[in-house]
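All remarks here apply to the structure that follows.
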Amino acid sequence: MASFLAVKNRELEEDEDTKEKCSRYRSLVKKRAMRIPLQHLTGVQGFMGFEFSVNEHVLIPRQDTETLVELVLKERPLRKCSLLDVCTGSGCIAVSLARMGGYEQVTALDISGEALKVAGRNAEALLGDYKGCFQLLESDMFANLPPGQKFDIITSNPPYIRSKVIDGLEPEVRDHEPRLALDGAEDGLKFYRILAERCKDYLNPGGCAYMEIGYDQKNEVEGLFKTQGYEEIRTFQDMTGLDRVVRARWDGEKRE
């Protein structure tokens with residue numbers, strides 16, 4: 001950029017390479033004017049200091065979600081942990097935690113096979129030095145997990161936008177990001193109900209679930225997990241001060 005500004009009045013070269021680049025640039029500008037997300041045009045998005053591949057099949061990683069990753073790294077520093085990421089999408093949570101936390105086992109699942117292809121590319125690009133076991137699983141929530149498999153950590157950024165709200169979102173989100181990754185049904189809580197009911201079946205005693213939430217869903221999500229018997233339920237805020245992550249610990253079945 002500094003070089004461009006220093007010679008901004010210089011005429012561009014007339015060679016074919018320059019013409020091709022100019023044509024490509026104009027094409028991208030036209031597509032952006034159609035409200036196609038910049039990340040879909042460049043094919044990448046930064047997250048936790050890494051560059052993740054993205055496309056129309058996955059939710060574009062947001063800085064808000066870094067709050068979840070940072071919290072897990074802070075509260076679960078031991079590498080001898082197993083982690084399950086539900087609704088993994090691009091794999092930004094699972095891949096970041098595998099690389100930064102070094103957890104010995106990380107499983108990431110999603111209902112979308114196309115999303116898992118993106119997550120696989122990101123894992124291949126970013127986990128070259130990872131010493132643990134990283135696996136991807138196509139599954140509708142917990143449906144295809146092997147019976148009896150347990151984890152120390154469960155993370156999730158599930159769809160949580162109310163169905164009727166989606167049509168009022170910005171075109172970049174409404175028209176170009178997968179509705180499958182956005183729509184949390186009528187009240188936005190469909191997938192939190194599943195998480196509250198099923199996470200306890202897959203958590204080791206003392207294990208925790210960490211979930212991203214909408215800024216106005218704290219009380220409802222905390223209530224769902226309290227009803228299911230979880231403890232140490234707490235909501236953490238993001239950098240803007242909005243409620244963003246609910247953490248709930250499962251201590252195992254209670255004895256009468």
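Values as computed for the structure displayed
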| item | result |
| --- | --- |
| DSSP-assigned coil residues among trypsin sites (Lys or Arg not before Pro) in segment 163-256, each with at most 10 further Cβ atoms within 10 Å | 254, 255 |
| 5 angstrom amide H check on residue 44, placed H, neighbours 5+ away | 54 |
| Qualifying GluC sites (Glu not before Pro) for segment 78-133 [loop in DSSP, other Cβ within 10 Å: at most 11] | none |
| Neighbour net charge for residue 219 - beta-carbon separation under 13 angstrom, K R +1, D E -1 | -2 |
| Dipole in debye (nearest 20) - segment 57-250, about Cα centre, beta carbon charges: Lys, Arg +1; Asp, Glu -1 | 640 debye |
| Segment residue 253-residue 130, extension gain: residue separation times 0.36 nm, minus the distance between their alpha carbons | 40.9 nm |
| Pairs from 30/117; 80/150; 117/218; 117/200; 190/218; 80/190 whose Cα-Cα separation, in the structure shown, is over 21 Å | 30/117; 117/218; 117/200; 80/190 |
| Between segment 176-224 and segment 127-141, the alpha-carbon center distance in angstrom | 21 Å |
| Helix-only [θ]222 nm of the chain, DSSP H runs n ≥ 4, -39500 (n - 2.57) each, per residue, nearest 500 | -10500 deg cm²/dmol |
| Relative contact order (percent, whole number), the chain, Cα cutoff 8 Å, 6+ residue spacing | 16 percent |
| Rg(Cα)/(2.2 N^0.38 Å) for the chain, N = residue count | 1.14 |
| Under 17 Å from residue 31, Cα to Cα: aspartates and glutamates that are on another chain or at least 8 residues apart | 20, 56, 170, 172, 175, 177 |
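The numbers here are math on the coordinates, done by the rules we state, and not lab data. Note that this is a predicted model, so its numbers are computed, not measured. Cβ sites come from the backbone with ideal geometry, for glycine too, and all protein chains shown count toward neighbours.
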